[in-house]
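The values are calculated or read from the model by the stated rules, or taken from the named source; none is laboratory data. Everything numeric in this text was worked out from a predicted model, so none of it was measured. Quick reminder, even Gly has a Cβ in these numbers, built from the backbone with ideal geometry, and neighbours come from all protein chains shown. Heavy atoms of the whole protein, side chains included, go into the accessibility calculation; ligands, DNA and RNA do not. Shrake-Rupley method; radii C 1.70, N 1.55, O 1.52, S 1.80 Å.
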Amino acid sequence: MGNCVSAEAAAAAAASKEIDKALKLELKATEQNIKLLLLGAGETGKSTVLKQIKLIHGTGYVDEDRIAYRVTILTNIITCAKTLLNAMEVLKIPFGFDPSTVDVAQLQVLDSMAGADDSRSETGSVGEGEAGEDEPKKDVVEGQLSKHDDPIARAAAQSYLDLLNTGETQVGPLWDAAAIIHASPMGFGIGEPIPKNVVDAIALIWRDSGVQYCYRRANEYQLIDCCAVFLNDLDRLCHPTFMPTDQDILNSRVMTTTISETKFKIEGIIFRVFDVGGQRSERKKWAPYFDDINAIIYLVAINSYDQICFEDNSTNRMVESLNLFASICNHPMFKKTAMIIFMNKIDLFRAKLETTLISDYFPTYEGPNDYDNGSEYFATRFLSLNKYEKKIYVHFTWATDTKQIKTVLAIVNQIILR
Ligand SMILES: Nc1nc2c(ncn2[C@@H]2O[C@H](COP(=O)(O)OP(=O)(O)OP(=O)(O)O)[C@@H](O)[C@H]2O)c(=O)[nH]1
Ligand SMILES: [Mg+2]
């Protein structure tokens, strides 16, 4: 009996030891599992960051992936060409229009002779109203273009209407090219090239000065960010033997519609990275993934300060990003979650600052229209939404640049594992 009791006790003790061991292992396992959520509004670069993590910490892309991405890239090219042609009609820009030939001073003289006139809303341009560029921006609503006249947009629309009246539109090689592009199907099968006549048509319209001017006004409609990078490289991308490089894959665009989980092992720790769709219709799928999140990377497209949302064609994208961040950052479930903001697309932000005033869209901005001041202003706007006063880290990123992202991700890992 005595022996029996001690055997039972020994068995119990052994069992308890086993449980302790299992618990310890479990604890260790959870400690070594980092759940990382990529959040942000649509087209801010979440999937691009995931692609970079795959390239830097994963196994990269195999031929099968590249063949699939080839289809994506060809579809992106057709989408861009069709979008530009539609925008030419909506904004009323004729082929061959060259903004450098517009005599703005002469237009202003003619205007003053004819009396104040604002025909922007009729001529297909955004904005309405009469305030001149030098006048105070009293009536500016944050995120909306201040009410000022754009004589070049007006001149473009006038010559478009003049051509329409003379019946001289719709003839010539550019119109033939446009017809070919309009008739081209959107999708391609695996291994199927874009037909040569369609490639030539896209190359022709892309070289046109009117189309280039229309491209510069891309904030007035929805155009994917890889447009110029792809249309400038048509010969290579549309070659029948083309296989996408890592950089082509990073530049390509597919809207995310299902939440994906990808696992990576970094220095012995398993990272489970969740990539979600950022468009409004996708956000209702997010909540079930909010449990036990260790860290959030919140993506902002810092170049989007003059752009409108894909979803409603009216809300400013930066305003949308700010509102969404306010709800994520102050969400009770994320009180203890490490929060890192990627102010992304800094390359496009730098380029945009050359032509577009931040204060035209964000009237509270009074600084110079340069990278340092502008980026600090937008970062501060996001940080000031933090109600819990928890630490939020900010990085300025160029998600399509592997070298830059590699450095940023190394710092992010340190933050998360701290
Ligand atoms: N030039 C440039 N392009 C970028 C950058 N980050 C992302 N892009 C491009 O922006 C487009 C949209 O990026 P995605 O990663 O698909 O955006 P997303 O946030 O996943 O979008 P949703 O899935 O709709 O939520 C792609 O064509 C990317 O190549 C950047 O820093 N610079
Ligand atoms: Mg995505």
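Odds and ends about this structure:
- Test: residue in segment 399-407 that is at pLDDT 90 or above, within 21 Å of the chain's Cα centre (by Cα), of a type in the set (A, V, I, L, M, F, W, C) and within 24 Å of Met318 (Cα to Cα): yes
- Matching residues in segment 177-233 - criterion: being within 16 Å of ligand 2 (Cβ to nearest atom) and open to solvent by less than 10 Å² (accessible area, probe 1.4 Å): Cys226
- Among the numbered conditions (1) within 17 Å of Asp65 (Cβ to Cβ); (2) within 11 Å of ligand 2 (Cβ to nearest atom), the only one that Gln279 does not meet is (1).
- Condition met for Thr364 (touching a helix residue (DSSP H, G or I) at 6+ places or on another chain (Cβ under 7 Å), of a type in the set (S, T, N, Q) and in a loop (DSSP other than H, G, I, E, B)): no
- Residues (touching a Leu at 6+ places or on another chain (Cβ under 8 Å), of a type in the set (D, E, K, R) and part of a helix (DSSP H, G or I)) located in segment 213-233: Glu220
- Selection within segment 278-328 - among the small types (Gly, Ala, Ser) and out of contact with any Lys or Arg (no Cβ under 7 Å at 6 or more places or on another chain): Ser281, Ala287, Ala295, Ser314, Ser321, Ala326, Ser327
- Residue in segment 393-403 that is under 21 Å from Phe271 (Cα atoms) and exposed (fewer than 14 other Cβ atoms within 10 Å of the Cβ) present: yes
- Segment 367-382 - residue that is part of a helix (DSSP H, G or I) and in contact (Cβ under 8 Å) with a residue 12 or more places away in the chain and, of those, surrounded by the fewest Cβ atoms within 10 Å (Cβ to Cβ): Tyr371
- Qualifying positions in segment 45-75 - closer than 19 Å to Leu409 by Cα, away from ligand 2 (no atom under 12 Å from the Cβ), open to solvent by 20 Å² or more (accessible area, probe 1.4 Å) and in a helix (DSSP H, G or I): Lys54, Leu55, Ile56, His57
This table checks each residue for (1) within 27 Å of Ala301 (Cα to Cα); (2) without any contact (Cβ under 8 Å) to a residue 12 or more places away in the chain.
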{"site": "Gly189", "(1), (2)": "no, no"}
{"site": "Pro195", "(1), (2)": "no, yes"}
{"site": "Val199", "(1), (2)": "no, no"}
{"site": "Ala203", "(1), (2)": "no, no"}
{"site": "Gln212", "(1), (2)": "yes, yes"}
{"site": "Arg217", "(1), (2)": "yes, no"}
{"site": "Glu220", "(1), (2)": "yes, no"}
{"site": "Leu231", "(1), (2)": "yes, no"}
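- Close Cβ contacts (under 7 Å, 6 or more residues apart or on different chains) running from residues in segment 384-395 that are under 9 Å from Asn330 (Cα atoms) to residues that are open to solvent by less than 40 Å² (accessible area, probe 1.4 Å) and not charged (D, E, K, R) comprise Leu385/Leu322; Leu385/Phe325; Leu385/Ala326; Leu385/Cys329; Asn386/Cys329; Asn386/Ile392; Lys387/Asn330; Tyr388/Asn330.
- Qualifying residue in segment 315-328 (condition: over 20 Å from His395 (Cα atoms), of a type outside the set (Ser, Thr, Tyr) and surrounded by fewer than 19 Cβ atoms within 10 Å (Cβ to Cβ)): no
- Qualifying residue in segment 331-351 (condition: at pLDDT 95 or above and open to solvent by 70 Å² or more (accessible area, probe 1.4 Å)): yes
- The residue pairs whose first member lies in segment 59-82 and is within 22 Å of Thr262 (Cβ to Cβ) and among the hydroxyl-bearing types (Ser, Thr, Tyr), whose second member is outside any loop (DSSP other than H, G, I, E, B) and open to solvent by less than 30 Å² (accessible area, probe 1.4 Å), and whose beta carbons are closer than 9 Å, counting only pairs six or more residues apart or on different chains, are Tyr61/Lys51; Tyr61/Ile249; Tyr69/Asp248; Tyr69/Ile249; Thr72/Ile249.
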